[in-house]
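Nothing in this text is a laboratory measurement; each read-out follows from the coordinates by a stated rule. None of the values given here were measured: they were computed from a predicted structure. In this analysis, Cβ positions are derived from the backbone assuming ideal geometry, glycine residues included, and neighbour counts consider all displayed protein chains.
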């Protein structure tokens, strides 16, 4: 990888980290708890505990599943170009 390509790659990662930090700050302002951050370098995915602040997030899509006989709904919202997801019992 050339020096120029390395600089570009580093810049892309730095931008993704900045977006992730903005998303985490937004979620903290809504009193939500961040559990994990994955996939830095694409569209970062942030998993949170559900809470009252989730009502203020604009849900982009929903998936439903059954785990151990219990129904769950996973909701995903976009915050600062990051995917923010949480599970709720249905």
Could you check the spin-label model distance between residue 55 and residue 11? Points 7 Å from the Cα along Cα→Cβ, value in nm. 4.4
Using helices alone, I'd like the mean residue ellipticity at 222 nm for the chain: each DSSP H run of four-plus residues gives -39500 (n - 2.57), total over residue count, nearest 500. -10500 deg cm²/dmol
Any idea what angle helix 3-29 forms with the longest principal axis of the chain, computed on alpha-carbon atoms, 0 to 90 degrees, nearest 10? 30
